[in-house]
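One structure below.
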Amino acid sequence: AHNEDNDRMRAREERFRMSLSALHGLVYDLDLRTHKVERHGLQRVFGYERMDDTDDFGGWMTIVHPEDREYVMRTVLAYRERASNYELSYRMRHKDGRWRHVRHVGTYHLGPDGRPIRALGVIEDVTEAQEQRQQLQLQAAIIERMSEGVMLLNRDGTILFANPAFEKLFGYGRGELNGRNSHMLSFRSSENFEGLLRTVFEGTTDDRTSIIDLEGRRRDGSMCPIQGYFSSMTLGETRCVLAVATDVSERKQLEREVMQVATRVQQRIGGDLHDGLGQ
C-alpha cells in the first residue's frame, strides 16, 4: 500500500510538472516568512537560471522595469495587506536584455491568524499579444482620423463599421450606421443594389481592387457623388469588403464646368465657321 501511494504521488507530480511545462508562463510559490521562493518555468520563459531571493518579492523587483517598479510594489503590498487576489500588467527585463510585457495573477495562502504566509501566482509573457493590441489600436486611431470615409460591409450589405469621416459624409452621427443595411445610402432599387453588391464582391476577389463612381444618398435625401475604392478582407471565416469613399462633388462640378466651357467654345467656333462660309 505504501508503494502504491508513492507511485500515485509520483504520477500526480509528473502530471503537475507536465502541466507546468505546457503553461506559457512562470509559476511561483513564495514563502513570506523566509522569503524563499520556488519557481517553475523561469529559464524557459524569461531566460534566467536563478534569481537572488533578497527581498519580500523573491528578488523579482530587480528585473521589473524602473518605471513600473513603484506601481507593482505598491499594488502587490496593498493586496497582500488585504489578503486578496490580484492581477497586474507591467514590463520586465528578459535575460537577453529585451523588455517584455507580462500579465501577473497572484493569490495568497493564509496562516491560522488569517494573515498571508505564502504568495502563489503565474506570470505570463504577453508581449506578442500586447504588440498586436497596440498595432490594432494604432490602425484604429489612423482610420478614425482619416479624411476619407471608411466602411466595412458583409455580403448582405450590413455595415459592420463606419469611421467618423464616412458618417459625416452621409450626415449621420457617431455609430448610427453600424448594423444597418447600406441600401439606405443609395438611390438604387433593391434589385439594382443587390447587383451592385454582387459586382463589388466579385470585383474584389483574388486581392483585386474595384474603383466605382457612385451617387450616394445623404440622410437628408440629397445626392452625394462619391468614388469608392473597394477591396476584400476576411473577418474570421466571413469575407467582407472594405470601402474607402471620397467625396468627388468638387471634381464633378469642375467636370461640368469644363464641359460647359467646351460646349461654348464649340458653339463659338461653329458660329465663326458658319459666318465665314456664309460670307
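The values are calculated or read from the model by the stated rules, or taken from the named source; none is laboratory data. What you see is a predicted model; the values in this text were computed from it and never measured. Glycine also receives a Cβ, built like all others from the backbone with ideal geometry; neighbour counts cover every protein chain displayed. Each accessible area value is taken on the protein alone, full model and side chains, heavy atoms only, with ligands, DNA and RNA left out. Shrake-Rupley method; radii C 1.70, N 1.55, O 1.52, S 1.80 Å.
For the range 75-107 versus the range 30-69, the inter-centroid distance based on Cα atoms is 11 Å. With a ≥ b ≥ c taken as the square roots of the eigenvalues of the C-alpha gyration tensor of the range 135-176, please select rounded if a/c is under 1.5 and otherwise prolate if a/b is larger than b/c or oblate if it is not? Oblate. Here the extension length gained between Ala83 and Gln134 equals 15.1 nm, from 0.36 nm per residue of separation less the Cα-Cα distance.
Surface composition of the range 75-229: carbon and sulfur make up 48 percent of the accessible area, probe 1.4 Å.
Please compute the per residue accessible area over the range 184-239 with all protein chains in place, 1.4 Å probe, rounded to a whole number of Å². Before the final figure, lay out each step's value.
Working: 3540 Å² over 56 residues.
In whole numbers, the range 184-239 has 63 Å² accessible per residue.
Over all other residues within a Cβ to Cβ distance under 13 Å of Ile159, the charged ones net out to -1, with Lys and Arg as +1 and Asp and Glu as -1.
For the range 105-179, the direction-averaged projected area of the alpha-carbon convex hull comes to 9.3 nm².
Charges were assigned to the Cβ only: +1 to each Lys and Arg, -1 to each Asp and Glu. The resulting dipole of the range 23-109 about its Cα centre is roughly 260 debye.
Taking 0.36 nm per residue of separation and subtracting the Cα-Cα distance, full extension of the segment from Thr209 to Gln227 would add 5.2 nm. If you average the C-alpha positions of the range 199-225 and of the range 120-152 separately, how far apart do those two centres end up, in angstrom? So the two Cα centres are separated by 28 Å. Computed on the Cα trace of the range 187-246, the radius of gyration divided by the Kirkwood hydrodynamic radius gives Rg/Rh = 1.01.
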